[in-house]
1. For the range 176-184, check the following and say yes or no: at least one residue is outside any helix (DSSP H, G or I) and either among the aromatic types (F, W, Y) or free of Cβ contacts under 8 Å to residues at least 60 places away in the same chain (or both).
2. What strands (runs of 3 or more DSSP E), lying completely within the range 8-69, carry at least 3 residues that are under 26 Å from E110 (Cβ atoms)?
3. Look at the range 162-191 and say how many of its residues are closer than 16 Å to S8 by Cβ and surrounded by 17 or more Cβ atoms within 10 Å (Cβ to Cβ).
4. When the residues of the range 197-251 are filtered to those that are among the β-branched types (V, I, T) and touching a residue at least 60 places away in the same chain (Cβ under 8 Å), which remaining residue is surrounded by the fewest Cβ atoms within 10 Å (Cβ to Cβ)?
5. Every residue in the range 84-126 that is part of a loop (DSSP other than H, G, I, E, B) and farther than 26 Å from R34 by Cα, please.
Amino acid sequence: MADTGSASVGTVPVQHLRAGDHAFVGYADDDAGRDVVSAFAWAGLVRREKVMVFAAPHMDDERVWSRLDAPGALLGSARESGQLVLSSMRALIHPEDAFTPHRQWERITEETDRALAEGYTGLRTYIDMHWVGALGADIEVMMHRESHAQHLFTDRPYTEICAYDTRWFDPDVVTAMHKAHPCRLLPRLGALHAELAEGRVQLVGEADLATREQFIGAVREGLRRAEDSRQPLVVDLSGLVFLGVACAVDLLRLVLDHPHGPVRVHCPPASARILRRAGADQVPHLVLSEVAR
């Protein structure tokens, strides 16, 4: 059974993670994902959450600290106070030597309660799944843990990223774990993810000059499909972290070029302001609908 306790469902940028999220992220080289863990940790510090980073066992602490991009007052203070902690799965399950889901669940529950008792608003963990090899854990047992952990997240101020090195895990395991997590992260900051369904285009991440062609292609295809089916179209921008002016203008231009029917744009207030400044109110058949996360 897949985890259903997350606050967010589907593909989201790391900046949109909330308490109750159980997220999957994959990576395929040693430097990939460093911006994800850094953004995740810093967001937790700003929100007064306790942050625990369980890095790959082959990485020493100095290298992990450098990946957090962060010499500065906030990081230094967080390290000294214990708000930001580097740990390992071996240390978490101590004094047990062998991994069991029950022991890990027990310890995460204890750490969440401890964070609250220490005055933090919750706990967030980044767990590199290389611990499976380091502890000689059974893959099937790990997969059971991943797909039956909803009690850790339901009505609990706990957030977790599970990071899978796709070079190390079997592709079938990666696919299964991608599906088992209700929340899937974009693999890096600055990325854009598009999903097209009947009558809908959903865009997640950052729509800027670097992803402009992808943004245009997704919107154009959604409009083409809607025109063929003679249905209204929803363009969902609620998953965007950033909407650049160029992409906002592109969206309005594409709608003007395809005046076949109503287009409703769901977007956060900041994106709605950009679209209105770009002239959205003068585009026939376009309706802005502001949504809040």
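The values are calculated or read from the model by the stated rules, or taken from the named source; none is laboratory data. Here the structure is a predicted model, which is why all the values come from computation and not from measurement. No Cβ is skipped: glycine too gets one built from the backbone with ideal geometry, and neighbour counts run over all protein chains shown.
1. no
2. Because the criterion is at least 3 residues that are under 26 Å from E110 (Cβ atoms), the strands (runs of 3 or more DSSP E) in the range 8-69 that meet it are 22-27, 50-54.
3. So the count comes out to 8.
4. V241
5. H94, P95, E96, D97, A98, F99, T100, E118, G119
Residue-wise test of (1) in contact with a Phe, Trp or Tyr (Cβ under 9 Å, 6 or more places away or on another chain); (2) in contact (Cβ under 8 Å) with a residue 12 or more places away in the chain; (3) not assigned by TED's automatic domain parsing to the domain that holds V141.
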{"residue": "W42", "(1), (2), (3)": "no, yes, no"}
{"residue": "A55", "(1), (2), (3)": "yes, yes, no"}
{"residue": "H58", "(1), (2), (3)": "no, yes, no"}
{"residue": "L68", "(1), (2), (3)": "yes, yes, no"}
{"residue": "M89", "(1), (2), (3)": "yes, yes, no"}
{"residue": "E96", "(1), (2), (3)": "no, no, no"}
{"residue": "T100", "(1), (2), (3)": "no, yes, no"}
{"residue": "Q104", "(1), (2), (3)": "no, yes, no"}
